Amino acid sequence: MKTINSALPVVVTGGSGYIASWIVKYLLEDGKSVRTTVRSLKDTKKIEHLLELQNKFKDKLTLFEADLLTDGSFDKAIEGVELVIHTASPFFVAGIKDAKKQLVEPALQGTRNVLNACNRISSVKRVVLTSSVAAIHSDNIDSLKVPNNTFTEEHWNTTSNLNHQPYAYSKTLAEKEAWEIQKRQTRWDLVVINPSFVMGPSLSKRLDGTSVEFMKNMLKGVFRTGVPDTKMGFVDVRDVAKAHILAGFTPSAKGRHITSAEVMPMLGVAKIIKEKFGKRYSVPTNNLPKALVYVIGPFFGLSWGYTKNNIGQPMNLNHEYSKTDLGLTYRPLTETFVDHVNQMESSGLL
Ligand code: NDP
């Protein structure tokens, strides 16, 4: 049980990111003061939307420079606060050349860096960590080992490594490390949000994030010949942001939370877009045969191992705990995808 003083600023790490931007915005709209960290204050392209929020919510938003790999760089932002929402972590699944350097080290060292700062700074009472369903499970085939092929917060990803699903591996190691560090002390508690694939409108015009890139590829016809027959959980970025804030300010909030609106095949996303936008976008209308995915998948970052263990496999996620523990509600995915397309159109990104 932790009651957070809502008059004190809340720290959000990685404020330039897709999810963190919405957390910052909602906190400001709730009347809170926010301190957010970015890698560089000089990179105005990445922080344009934060500068706009700063202008709108006068004196309520402060930006700090911090890097996951630089020890002590989060201390200044965290000094004197009770609630830290740690979201910053590299998120990409394609084009990985050195998984250890690009994914595992920043995720793991960043978690240590932020949580060690929380250990040093005696005002901190609660940390909310953005983990992922990737820390719950790796491949869909792993669902054959769990009741009803449905993953819950009890499950941990045990099948990723540096060579197979390295992003999922980085999230698993980082979340485990966070629980270890938390257990060694009693002043602050840890509440974890485990989102599935996050979609929905972005507050920035960046195209380099994995979620935004997925939607861009879907609309730009990259998958026009078909998509892999694979199931994924999807969730709205605005609901994920709300989950973090509820996790921060609900005194009784506890543990891990699968945060996912619905599991659907990739083709389901295309169907919703086609229904709403007609022929405006050349979205896929069929699944690719598995044999073909083996051949062309590697060009899209899908290894043979991924194809073998995910295509045509069942998988479900149980999100009940996020509803009962946090009081979270989920908007329908149709709204998520439609709002995402509309935002990309109006931002001139298509
Ligand atoms: P983004 O890529 O938009 O955001 C990642 C953030 O991490 C950015 O602010 C980025 O900074 C920051 N970051 C990366 N490396 C460093 C570093 N070395 N030092 C400081 N900051 C760094 O991704 P999302 O918003 O989608 O992801 C945010 C979090 O949510 C991550 O922890 C991700 O694993 C998790 N997540 C995302 C899901 C999704 O579908 N989007 C699903 C489940 C979990 P910069 O802007 O400078 O690049």
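The values are calculated or read from the model by the stated rules, or taken from the named source; none is laboratory data. Everything numeric here is computed off the predicted structure, so don't read it as measured data. All Cβ positions, even for glycine, are placed from backbone atoms using ideal geometry, and neighbour counts span all protein chains on display.
Looking only at residues of the stretch 6-35 that are out of contact with any Leu (no Cβ under 6 Å at 6 or more places or on another chain) and among the polar types (S, T, N, Q), we find that the one that is surrounded by the fewest Cβ atoms within 10 Å (Cβ to Cβ) is 6.
Here is a yes/no grid of residues against (1) of a type in the set (Gly, Ala, Ser); (2) under 16 Å from residue 133 (Cα atoms):
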position	(1), (2)
158	no, yes
171	no, yes
182	no, no
196	yes, yes
200	yes, no
252	yes, no
262	no, yes
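Would you confirm whether or not the stretch 172-194 contains a residue that is in contact with a Lys or Arg (Cβ under 7 Å, 6 or more places away or on another chain) and either modelled with pLDDT under 95 or under 22 Å from residue 272 (Cα atoms) (or both)? No, the stretch 172-194 contains no residue that is in contact with a Lys or Arg (Cβ under 7 Å, 6 or more places away or on another chain) and either modelled with pLDDT under 95 or under 22 Å from residue 272 (Cα atoms) (or both).
Among the conditions (1) under 16 Å from the mean Cα position of the chain (by Cα); (2) without any contact (Cβ under 8 Å) to a residue 60 or more places away in the chain, the only one that residue 137 does not satisfy is (2). Within the bounds of the stretch 200-209, is there any residue that is within 16 Å of the ligand (Cβ to nearest atom) and polar (S, T, N, Q)? Yes, the stretch 200-209 has at least one match. Scanning the stretch 268-296 for residues that are over 29 Å from residue 343 (Cβ atoms) and assigned to a helix (DSSP H, G or I) yields 290, 291, 292, 293, 294, 295, 296. Restricting attention to the stretch 27-61, the residues being of a type in the set (Val, Ile, Thr) and more than 19 Å from residue 128 (Cβ to Cβ) number 2. Among the residues of the stretch 58-85, those identified as hydrophobic (A, V, I, L, M, F, W, C), touching a strand residue (DSSP E or B) at 6+ places or on another chain (Cβ under 8 Å) and outside any strand (DSSP E or B) are 66, 74, 77, 78, 81.
Considering only residues in the stretch 86-105 that are charged (D, E, K, R) and in a loop (DSSP other than H, G, I, E, B), the one that is surrounded by the most Cβ atoms within 10 Å (Cβ to Cβ) turns out to be 98.
Looking for something surrounded by 13 or more Cβ atoms within 10 Å (Cβ to Cβ), polar (S, T, N, Q) and outside any helix (DSSP H, G or I) - is there at least one such residue anywhere in the stretch 321-344? No - not one qualifying residue is present in the stretch 321-344. Sub-7 Å Cβ pairs linking a first residue in the stretch 297-317 that is without any contact (Cβ under 8 Å) to a residue 40 or more places away in the chain and farther than 20 Å from residue 233 by Cα to a second residue that is not small (Gly, Ala, Ser) and not in a loop (DSSP other than H, G, I, E, B), at least 6 apart or interchain, are 304/294, ordered by first then second residue.
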